[in-house]
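The values are calculated or read from the model by the stated rules, or taken from the named source; none is laboratory data. A quick note: this is a predicted structure, and the numbers were derived from the prediction, not measured. Here the Cβ positions follow ideal geometry from the backbone for every residue, glycine too, while neighbour counts run over all protein chains shown.
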Amino acid sequence: MIAKRILKEARPLFWPWCVVALAATLQLFRSLGWIGWISAAGFILGIPILATLSLGSEFQHQTLSLLLSQPVNRMEIWREKLIVTTVAVLSAALIAFLPWRGREFQLDRNFLVLAAALIAASIASATFWTLFTRSIVGGIVLNIAIPSFILYAVNMASWLRKPAPATPANVAVVSSVCLFIYAGVMLWLGRRALVGFQAIGGAAGDDLLTAGPSVMPQALTGWLRCRPKGAALNLFRKEIRLLMPVWLISL
């Protein structure tokens with residue numbers, strides 16, 4: 001029974017994992033300049049996507065209510081998803097770093113620790129942000145945006161420091177510490193959020209892609225509700241609601 005549940009969790013990650021692994025192997029062709037950029041983008045974007053897919057696919061297919069209604073402890077569900085996600089992300093990261101072996105250029109230890117901190121932050125925060133936004137898209141966006149903001153804040157703080165700016169190595173160490181703390185807090189929050197999560201109403205109604213009342217002011221939600229009269233205004237209201245996710249993601 002456990003093996004079947006693990007296989008079920010791993011199935012939606014298989015093809016995205018293949019894409020991330022393929023992007024990582026492109027590092028072998030770094031002689032073509034643009035190939036290196038594709039490989040880096042595949043790793044930077046692919047790791048948060050892999051970390052979010054396990055729980056995000058439940059929202060996408062509207063199966064989370066069915067999953068939580070089964071006679072299985074929620075902590076067991078959380079552990080299974082975390083294990084599958086960790087294996088998928090770490091194996092993809094390992095493939096990404098293998099092309100650097102045997103090269104004259106050696107990665108600095110501090111930046112390897114920073115990469116590990118980013119991976120840990122992506123894995124640990126995926127559950128909370130996906131449950132918070134009730135959307136696979138929102139989970140991926142926040143899983144990328146928040147660690148990026150932490151890195152930006154640390155770099156800006158080091159740049160503003162006077163009279164002795166911090167060295168890049170010190171910035172990497174401070175960023176790693178902040179990201180590991182963030183990962184620990186988000187892991188605890190994600191576990192707690194899943195334990196207390198209540199799937200109220202339809203999954204589509206609570207999804208970020210539909211921009212429901214939870215992400216819009218109540219007055220604006222009432223104004224955008226279709227009326228019995230005014231076909232042109234109803235069409236205008238519908239288009240605004242459909243474009244709301246684009247505005248949220250842009251913000």
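Considering segment 124-148, the residues that are assigned to a helix (DSSP H, G or I) and either aromatic (Phe, Trp, Tyr) or touching an Asp or Glu at 6+ places or on another chain (Cβ under 7 Å) (or both) include one that is farthest from Tyr182 (Cα to Cα), namely Phe132.
Would you mind listing the helices (runs of 4 or more DSSP H) fully within segment 168-251 where at least 2 residues are touching a Leu at 6+ places or on another chain (Cβ under 9 Å) and at pLDDT below 70? By residue number, 231-250. Only one of the numbered conditions (1) modelled with pLDDT under 85; (2) at negative phi is violated by Val84, and that is (1).
Being among the hydrophobic types (A, V, I, L, M, F, W, C), part of a helix (DSSP H, G or I) and either within 21 Å of Trp188 (Cβ to Cβ) or modelled with pLDDT of 85 or more (or both) holds for only one residue in Leu50, Leu26, Leu98, Leu66, and it is Leu50.
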